[in-house]
Amino acid sequence: MTNQVHRNGSTKPHFILVPLMAQGHMIPMVDMARLLADRGATVSFITTPVNAARIESVVRGVEASGLPIRFVELEFPCAEAGLPEGCENVDLIITRPELQLRFYEGLSLLRKPLESYLRGIELGGAAVMISDSCHYWTMDVAREFSLRRMIFHGPSCFYIVCSLIISQQNIYEDGLGTSVVPGLPHRIEVTRAQAPGSWFYWPGWMHLKAKVDESESAADGVVINTFLELEPEYVDLYRGAMGEKAVLPIGTLSLYNKDAEIKSTRGNKAAVDERRLAGWLDAKEPGSVLYVSFGSLVLQGPSQLIEIGRALESSGRPFVWVLKGAEASRPELVEWMSEGGFAERTEGRGLVIAGWAPQVAILSHPSVGGFVTHCGWNSTLEAITASVPMVTWPHIADQFLNEKLVVEVLRVGVSLGVKVPTFYIEGEDVVGVERERVEKAVLSLMDGGEEGERRRERAREYGVKARMAMEEGGSSYENITTLTQILGHKVE
Ligand code: UDP
């Protein structure tokens, strides 16, 4: 740390958590809030009304348990940001490219309400802000209130290190072909189409990227939802790049959810009855069920969904398939499932969840033996933590690099071989990956002979390491201890 570290045994640390309003960023920070409170801190969790409503049952659970967390609902002035009323989460604008830049630019409108909240509370000498890397504007708030500030990074150290090298060394100069990322312990090839994957690299977004970078260099350190034993070389490389700043892997944060009910309401209210789901899974053979879900943002058109359905049907495997509400109601899909006979043919073998699924509860069920994933970082880490190998199907953003970590570095996944990003736009209906490719990858993951067994063994080992990291004395547990000791106002 560049600034003096204050340790004040008599003052409880107070964390002000400012998550990006996107499920993949909010969910781990809700876990972080509860974990820090459990470890003796007071927490202010900054949110907005639409997002607070999604975590209502967590809020009630926190109140009942007496954990010292205040959920602070700030007004997000959508109209001022040029957004329709209520567009307070990335998943509400994901099919509207024209609104996305406005959303990210509009985040800084939370500055005034956050400042007035901070003015109204007793901050004391032991307050630390942890803000999502996208909330670049929190740099000024932290300065104004002389707060220490840590950045929360959504993805892995592997992704961050690759992106840093790619952008610093401008390795795509040579054109559109494949480039090897230099200076890594593994040979990682990327194409311009796949990486770096952050929105901030899009044309027209670079002004935001510059602010995000400035805010990161001004921060006191970084917390990441990963664990040292998963990617030790990349944690080291990132630490090297950050110099004296603290780099603290504190995951897997989802492991904090021990209670079955909390697991089921993590992120949103589940669209399936938990007892029915648990009973259905209990009746299946251990490791036999394939779980298929693409996170909170990735959407697919009806023709692509029908291809996936056909692959699941012909694979002969039991499956749980999660469709987003908007996908499940498309007339072509509804018709194919009912009149087309899919529902009848897969009855008892397949369970379709239309809406929010209790993902961590599903992945941690012993019957689940494989996961077809879009490689969002949380989903990836949750699968690794539950020892579940993956079929990787990246769509956008960091997902292509996450796939490389899973398939090439950790070797716990089978790639579908997708080469270019796909981004669903309302009304479009294209098939990017045909049924045969999905089926082949699924069978290779679930059967896979000797190589499949070795893959499962590696996945088992990473799951054990993940759990050990969070136990008392484990690497992430100790990093959380360090985090709770990074206290005090900045010494200018
Ligand atoms: N998630 C869930 N149920 C769903 C969809 C997603 O619980 O039906 C959770 C999932 O467990 C993960 C998060 O939402 O914690 C998604 O984050 P990820 O980084 O995997 O992908 P993103 O949604 O950001 O693309």
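Quick note: the coordinates plus some simple rules give every number you see, no bench work behind them. Keep in mind that this is a model prediction, so the values were computed, not measured. Positions of Cβ are generated from backbone atoms using ideal geometry, with glycine treated the same way; all protein chains shown enter the neighbour counts.
For the chain, DSSP calls about 10 percent of its internal beta bridges antiparallel. Note on the chain: dipole from Cβ charges, positive end direction compared against Ile69, Tyr238, Ile160; the farthest Cα belongs to Ile69. The GluC sites (Glu not before Pro) of the range 415-463 meeting both criteria, a DSSP state outside H, G, I, E and B (loop) and at most 16 other C-beta atoms within 10 angstrom of the site's C-beta, are Glu426, Glu428, Glu434.
First measure r as the distance between the Cβ atoms of Asp447 and Glu144, then evaluate 1/(1 + (r/R0)^6) with R0 = 56 Å and state the FRET efficiency to the nearest 0.05. The value I calculate is 0.45.
The angle between the Cα long axis of helix 475-485 and the main principal axis of the chain comes to about 30°, on a 0 to 90 degree scale.
Candidate cross-link partners of Lys245 among the lysines, defined by an alpha-carbon separation under 26 Å and a same-chain spacing of 8 or more, comprise Lys12, Lys209, Lys211, Lys465, Lys490.
Farthest toward the positive end of the dipole of the range 182-284, out of Leu248, Ala260, Val212, is the Cα of Ala260, where the dipole comes from beta carbon charges about the Cα centre. Pairs of Cα atoms nearer than 8 Å and 6+ residues apart set the relative contact order; for the chain it is 19 percent.
Write out the GluC sites (Glu not before Pro) in the range 243-312 meeting two conditions: DSSP loop, and at most 14 other Cβ atoms within 10 Å of their Cβ. Passing both the DSSP loop test and the Cβ count: Glu244.
Computed from point charges on the beta carbon alone (+1 for Lys and Arg, -1 for Asp and Glu), the dipole magnitude for the chain about its Cα centre is near 840 Debye. Once both axes come from the Cα atoms, what is the angle between helix 157-169 and the longest principal axis of the chain, in degrees from 0 to 90, rounded to 10? Taking Cα atoms only, the helix is inclined about 80 degrees.
Only DSSP H runs of four or more residues enter the estimate; each adds -39500 (n - 2.57), and after division by the residues of the chain the mean residue ellipticity at 222 nm equals -12000 deg cm²/dmol.
For the range 253-323, the set of trypsin sites (Lys or Arg not before Pro) satisfying both a DSSP loop assignment and a count of at most 10 other C-beta atoms within 10 Å is given as Lys258. Which one, Leu483, Ile384, Leu333, is farthest towards the positive end of the dipole of the chain when Lys and Arg carry +1 and Asp and Glu -1 on their Cβ? It is Leu483. Gain on full extension, evaluated as 0.36 nm per residue between Val430 and Ala218 minus their Cα-Cα distance, stands at 72.0 nm.
Reported value for the range 78-118: 66 Å³ per residue, from the convex hull of its C-alpha atoms. In a reduced charge model with +1 at each Lys and Arg Cβ and -1 at each Asp and Glu Cβ, the range 252-340 shows a dipole moment near 340 debye about its Cα centre. The long axis of helix 449-470 is offset from the longest Cα principal axis of the chain by roughly 20 degrees. Between Glu471 and Ser288, the FRET efficiency estimated from the beta carbon spacing at R0 = 22 angstrom works out to 0.15. Over all pairs of different C-alpha atoms, the range 15-103 has a mean inverse distance whose reciprocal, the Kirkwood radius, equals 13.8 Å. One equal scatterer on each Cα of the chain, no solvent, Debye formula: the resulting log10 I(q)/I(0) at q = 0.05, 0.07, 0.12 Å⁻¹ is -0.18, -0.36, -1.12. Basic side chains Lys and Arg get +1 at the Cβ, acidic Asp and Glu get -1 at the Cβ, and with that the dipole of the range 260-467 about its Cα centre reaches some 740 debye.
As a proxy for reagent exposure, Ser156, Ser367 were ordered by neighbouring Cβ count within 10 angstrom, fewest first; the result is Ser367, Ser156.
Within the same chain, aspartates and glutamates fewer than 8 places from Lys269 are excluded, and of the rest, those with a Cα less than 13 Å from its Cα are Glu56, Glu261.
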